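Novice: The structure follows.
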Amino acid sequence: MSIIPIPGHENAWAAVTPHTSYVFSVEQGEEARVVQWYWGPRLPEAALGEVIRPRVLGIVTGFLDPGDIDEMLPVDGGRRWGVPSLQAVYEGGVRSVELAFDGAELTGDTIVITLRDVPYGLTVRMHLRVHGDSDVIERAVTVTNDADTPTTVQRLDSGSWVIPRQAGHRYLGAAGGWAAETNVHGGELPVGETTFTSRTGTTSHKANPWIMLGAATETHGQVWTVALAWSGSWRLTAQRRPEGDLAVTTGFGHEGPAWRLAPGESLRTPEALGLFTDGGYGEASRAWHDYARNHVLSHPDETRPVLYNSWEATAFDVTEEGQLDLARRAAALGAELFVVDDGWFGSRTDDRKGLGDWWPNPERFPDGLTRLFDGVRALGMQAGLWVEPEMVNPDSDLYRKNPDWVLHYPQRRRDTMRHQLVLNFARSDVQTWAVGWLDALVRDYGLAYLKWDMNRSFSQAGPDDLVWIEHTRGVYAVMDEVRRRNPEVRIESCSGGGGRVDFGMLRRTDQVWTSDNTDADDRQAIQHGYSMLYPAGAMSCWVTDSPNPITGRRVPLRYRFHVAMAGVLGVGGDLTEWTEDELREAAGHIAAYKEVRETVQHGRLHRLDRAVQYSLGDQVVVLAYDRDTPSARRVRLAGLDPDAVYVAGDGERRHGQTLMAYGLPFPKGPAGYRSELFVLRRTV
């Protein structure tokens, strides 16, 4: 697939993907506007020009510019009163941006359109790229100050996307909070502007940077999705005009901060991603999962190990023998990766001190961590370690030596949260420091895994507004360099749970911690919302203790495992308190998971009625759930070959059409938390 010029139309192109067409052109008059004409099902090449037609107005008025919502990068200037994607202030307080077309460079799957505001020296480059195996369209913008004086950029989105009228005004998104991330919400977009945002410095727990639009169900209907691949503050604004038009603009930053570009300086946005699908929300999710595996994740074909994490068993009471005791118990269950969590370093015996001093606690580990991790590997497991590179306690050697390394303003207080401050990763010296000790830890102890945590939001984010962007890019740079030096290491992103889940972070990590809330009941909604865009093979899911340490809810071990088996399975409970029966049952569930995890982590997902289904090759895996309903029911499957025969674990044979139309029996049982793991194999 590629981007092609449209014959008979000057400066007009179509981004053609396997199933869609995206038609746009440069319209020149008093100024240049890059206009989106069409985004939807793929058109014949000969028909692409048929959608480039003058806009038909029902009424002519001096209060409406007919073109201001059709632009791919609406600016703040001229006759535009909608949501701008680009706002700039030139020397002398001039705010009106007027762009002229200065050419386009087309190279197969990529186009760069150059626009210039000649009198004030601002150059704007719009980037668009497609892939041959995906319907996702990637867009970004670069602005360069070619003037002799500074220019202030107040808003720079990655682009605006026009949503066709036939989509209607129904939307889905993800919102929540700590311990309640990525819960799906939706409804009718009101007339006006609806903004979803994070002002925290990270993706945030409260919202996730994507929106789906369309009159669709899980299995039917056209869906347009816009997402942002960025791990810092962001905003996404859906604008619905009274006339019925709808557009979505998204980018990094939030209201307030502005970025001052000195002469010669440039600023490039992260990628905004657009996807059209015709098959309901489920088909949209599967397309996003394929895109993540093929174009985002670094090791998409790897099968992730079953891990054990020691946090809930020990908290800050970390000792060599205590960790080795847990490691022996975890290995007996079938764990393959043992992760030592917080409390192993500096003076870190609680959350008030030691953060930033990344060497083994000299009293707990006088000889370092070598014996501990050698013992872990002797048990047949890989070694992993928790780190929080972006944070520092004021009570630490690092802060006492480098108090200027944290986010701060002069003559302003330095607010702590969780007794910690945020290190300024926009600084090159902070990045160099972080790469140095992370690289040393991985090399010295043969680590296979880092759990990278980030446990608070920004405050007093100075010394200048660029820190809102450059901190995130600094985190990216450190992760990239550590991985370059240690290609064997795998990284999990965590931010107090699911506070930093996005395609920007997934480019640099192998899995993400979905939520600190491991309550299996709550986790089902969290995992459902996560699955709208992100694949199961990057979703960390733990089984922890009952009652749950956050919610206090009691859930049977079987149900807890079956919920956690819907992603990358881990165990985080205090195994010293588990009974022999519980340990034996857990080992059985882990063994069962290993038989199906390749399908779960790499297969195609179908969200069913109180169940999830994964299909890969000839194997079909179904995890079904029920609560407080003792009656029997049937779980109707999806996406099977209707003529093929599938054999279940009990040997019963059923045609694919029977499984989809009639269903798989979910047995009757006592009221409460009931769950089943079904494994089927296609035979003919």
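The values are calculated or read from the model by the stated rules, or taken from the named source; none is laboratory data. What you see is a predicted model; the values in this text were computed from it and never measured. As a convention, Cβ positions derive from the backbone with ideal geometry for all residues, glycine included, and neighbour counts pool all protein chains shown. For the accessible areas, the whole protein counts, side chains as well, though only heavy atoms, and no ligand, DNA or RNA atoms are used. Shrake-Rupley method; radii C 1.70, N 1.55, O 1.52, S 1.80 Å.
Novice: Which of the residues spanning segment 335-365 are among the aliphatic types (A, V, I, L, M), more than 22 Å from LYS401 (Cα to Cα) and touching a Lys or Arg at 6+ places or on another chain (Cβ under 8 Å)?
Specialist: VAL339 - this is the single residue of segment 335-365 that is among the aliphatic types (A, V, I, L, M), more than 22 Å from LYS401 (Cα to Cα) and touching a Lys or Arg at 6+ places or on another chain (Cβ under 8 Å).
Novice: Something else now. Looking at segment 185-222 only, could you name the residues that are touching a Gly at 6+ places or on another chain (Cβ under 8 Å), over 20 Å from GLU271 (Cα atoms) and of a type in the set (Val, Ile, Thr)?
Specialist: THR217, THR219
Novice: Still on this structure, please answer the following. Give the number of residues within segment 517-569 that are aliphatic (A, V, I, L, M) and within 16 Å of THR599 (Cα to Cα).
Specialist: Qualifying residue count, segment 517-569: 9.
Novice: Of all residues in segment 253-297, which are under 18 Å from LEU605 (Cα atoms) and among the basic types (Lys, Arg)?
Specialist: Answer for segment 253-297, where residues must be under 18 Å from LEU605 (Cα atoms) and among the basic types (Lys, Arg): ARG286, ARG293.
Novice: Now for a separate question. So, in segment 390-411, exactly how many residues are of a type outside the set (Val, Ile, Thr), without any contact (Cβ under 8 Å) to a residue 24 or more places away in the chain and open to solvent by less than 50 Å² (accessible area, probe 1.4 Å)?
Specialist: Count: 1.
Novice: Now for a different question. Among the numbered criteria (1) farther than 24 Å from MET565 by Cα; (2) open to solvent by less than 20 Å² (accessible area, probe 1.4 Å); (3) part of a loop (DSSP other than H, G, I, E, B), which one does LEU438 miss?
Specialist: (3)
Novice: Among residues belonging to segment 60-116 that are without any contact (Cβ under 8 Å) to a residue 40 or more places away in the chain, among the charged types (D, E, K, R) and touching a Lys or Arg at 6+ places or on another chain (Cβ under 8 Å), point out the one that is nearest to GLY192 (Cα to Cα).
Specialist: Residue satisfying both the conditions and the ranking: ASP68.
Novice: Does segment 412-426 hold any residues that are within 16 Å of LEU398 (Cβ to Cβ) and either crowded, with 19+ Cβ neighbours inside 10 Å or small (Gly, Ala, Ser) (or both), and which are they?
Specialist: Passing the criteria: GLN420, LEU421, VAL422, LEU423, ASN424, PHE425.
Novice: In addition: With the condition being open to solvent by less than 10 Å² (accessible area, probe 1.4 Å), I'd like the strands (runs of 3 or more DSSP E) fully within segment 261-321 carrying at least 3 qualifying residues.
Specialist: Fully inside segment 261-321 and qualifying: 272-278, 307-309.
Novice: Here's a follow-up. Under the condition of being more than 30 Å from the chain's Cα centre (by Cα) and free of Cβ contacts under 8 Å to residues at least 60 places away in the same chain, which residue from segment 579-596 is surrounded by the fewest Cβ atoms within 10 Å (Cβ to Cβ)?
Specialist: GLU580
Novice: For residues that are surrounded by fewer than 18 Cβ atoms within 10 Å (Cβ to Cβ) and either more than 18 Å from LEU86 (Cα to Cα) or aliphatic (A, V, I, L, M) (or both), tally how many sit in segment 141-177.
Specialist: 7
Novice: Restricting attention to segment 322-352, and to residues there that are open to solvent by 20 Å² or more (accessible area, probe 1.4 Å) and of a type in the set (Asp, Glu), which single residue is farthest from GLY496 (Cα to Cα)?
Specialist: Here the residue is ASP325.
Novice: Still on this model: Tell me the residue from GLY567, GLY603, GLY552, GLY573 that is over 21 Å from the mean Cα position of the chain (by Cα) and buried (at least 19 other Cβ atoms within 10 Å of the Cβ), please.
Specialist: The match here is GLY573.
Novice: Does segment 486-493 include one or more residues that are out of contact with any strand residue (DSSP E or B) (no Cβ under 8 Å at 6 or more places or on another chain), open to solvent by 10 Å² or more (accessible area, probe 1.4 Å) and within 28 Å of LEU273 (Cβ to Cβ)?
Specialist: yes
Novice: Are there any strands (runs of 3 or more DSSP E) wholly within segment 63-165 with 1 or more residues that are touching an Asp or Glu at 6+ places or on another chain (Cβ under 8 Å) and farther than 30 Å from TRP288 by Cα, and if so which?
Specialist: Correct list: 86-89, 100-107, 110-117, 122-130, 137-145, 151-156.
Novice: Just one of VAL645, VAL620 is in contact (Cβ under 8 Å) with a residue 60 or more places away in the chain, touching a strand residue (DSSP E or B) at 6+ places or on another chain (Cβ under 7 Å) and β-branched (Val, Ile, Thr); which is it?
Specialist: Only one candidate qualifies: VAL620.
Novice: Here are the criteria: (1) in contact (Cβ under 8 Å) with a residue 40 or more places away in the chain; (2) touching a Phe, Trp or Tyr at 6+ places or on another chain (Cβ under 8 Å); (3) open to solvent by 50 Å² or more (accessible area, probe 1.4 Å). Tell me which single one ALA671 does not satisfy.
Specialist: Result: ALA671 passes all but (2).
Novice: Kindly indicate the residue of segment 187-216 that is out of contact with any helix residue (DSSP H, G or I) (no Cβ under 6 Å at 6 or more places or on another chain) and at positive phi and also surrounded by the most Cβ atoms within 10 Å (Cβ to Cβ) among those meeting that condition.
Specialist: So the residue we want is SER204.
Novice: Could you tell me whether any residue of segment 364-371 is modelled with pLDDT under 95, assigned to a loop (DSSP other than H, G, I, E, B) and surrounded by fewer than 22 Cβ atoms within 10 Å (Cβ to Cβ)?
Specialist: yes
Novice: Working only within segment 501-535, note down all residues that are open to solvent by less than 10 Å² (accessible area, probe 1.4 Å) and among the aliphatic types (A, V, I, L, M).
Specialist: Those that are open to solvent by less than 10 Å² (accessible area, probe 1.4 Å) and among the aliphatic types (A, V, I, L, M): VAL501, MET505, LEU506, VAL512, ALA520, ILE526, MET532, LEU533.
Novice: Considering segment 424-449 alone, what residues qualify as being closer than 13 Å to VAL478 by Cα and not small (Gly, Ala, Ser)?
Specialist: ASN424, PHE425, ARG427, ASP429, VAL430, GLN431, THR432, TRP433, VAL435, TRP437, LEU438, ASP439
Novice: From the set of residues in segment 166-193 that are in contact (Cβ under 8 Å) with a residue 40 or more places away in the chain and part of a strand (DSSP E or B), which is farthest from THR249 (Cα to Cα)?
Specialist: That would be ASN183.
Novice: Please work out which residue is farthest from GLU243 (Cα to Cα), limiting yourself to segment 48-62 and to residues that are modelled with pLDDT of 75 or more, open to solvent by 50 Å² or more (accessible area, probe 1.4 Å) and in a loop (DSSP other than H, G, I, E, B).
Specialist: Checked segment 48-62; the qualifying residue farthest from GLU243 (Cα to Cα) is ARG53.
Novice: Another question, if that's okay. Could you list all residues from segment 412-431 that are touching a residue at least 60 places away in the same chain (Cβ under 8 Å) and hydroxyl-bearing (Ser, Thr, Tyr)?
Specialist: Those that are touching a residue at least 60 places away in the same chain (Cβ under 8 Å) and hydroxyl-bearing (Ser, Thr, Tyr): none in segment 412-431.
Novice: Please indicate, with yes or no, whether at least one residue in segment 640-655 is assigned to a loop (DSSP other than H, G, I, E, B) and within 33 Å of the chain's Cα centre (by Cα).
Specialist: Yes, because at least one residue in segment 640-655 is assigned to a loop (DSSP other than H, G, I, E, B) and within 33 Å of the chain's Cα centre (by Cα).
Novice: Which residue pairs have Cβ atoms under 6 Å apart, sit 6 or more places apart or on different chains, and have a first residue in segment 13-38 that is within 14 Å of GLY78 (Cβ to Cβ) and open to solvent by less than 40 Å² (accessible area, probe 1.4 Å) and a second that is aromatic (Phe, Trp, Tyr) and part of a strand (DSSP E or B)?
Specialist: ALA32/PHE101
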